[in-house]
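The values are calculated or read from the model by the stated rules, or taken from the named source; none is laboratory data. As the structure is a computational prediction, the values presented were derived from the model and not from experiment. Please note that ligands, DNA and RNA were not included when accessible areas were found on the heavy atoms of the full protein model with its side chains. Shrake-Rupley method; radii C 1.70, N 1.55, O 1.52, S 1.80 Å.
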Amino acid sequence: MPMTTISSSSPPVVPAMIQLGVDPLHVAILMIVVLNISNVTPPVGMTLMTAARIANVPFERAIIASLPFYVAFIMVILLLVSFPSLSTWIPSLLG
């Protein structure tokens, strides 16, 4: 699902962000982080659903148990949006 989402949402989003002056690498990393977080969060949450099934825990209980992590997810997204250098720092070290 993430690959389909990336391939369908990138063509309109990336050129618009580049035209606004945003680094394409930052846009790509932000898209990947947000899509990975969407794999864990309801209503879809396929990764969370799989983990709940493996642990023999009801899906609703898994959602409640993972609520503190959603706060961390939101903080990571806000940090990446606020400070683009966080997402481009390591790649800039590599050349």
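To the nearest 10 degrees, how steep is helix 67-82 against the longest Cα principal axis of the chain, on a 0 to 90 scale?
Relative to the chain, helix 67-82 is tipped by roughly 0 degrees.
In degrees from 0 to 90, rounded to the nearest 10, what is the angle of the helix 24-40 Cα long axis to the longest principal axis of the chain?
Value to nearest ten degrees: 10.
Given only helices, namely DSSP H runs of n ≥ 4 each adding -39500 (n - 2.57), what is the per-residue ellipticity at 222 nm of the chain, to the nearest 500 deg cm²/dmol?
Calculated mean residue ellipticity at 222 nm is -25000 deg cm²/dmol.
Given the Cα-Cα distance of Ser9 and Leu93 and 0.36 nm per residue of separation, how much length would full extension add, in nm?
Stretched out fully, the Ser9 to Leu93 stretch lengthens by 27.4 nm.
What number comes out for accessible area per residue over the chain if the probe is 1.4 Å? Units Å², please. Working shown, then result.
Values: 6710 Å² over 95 residues.
Accessible area per residue: 71 Å².
With a 1.4 Å probe and all protein chains left in place, how much of the accessible area of the range 1-93 comes from carbon and sulfur atoms, in whole percent?
That share works out to 77 percent.
Averaging over every viewing direction, what projected area does the convex hull of the Cα atoms of the chain cover, in nm²?
Computing the convex hull of the Cα atoms and averaging its projections yields 7.5 nm².
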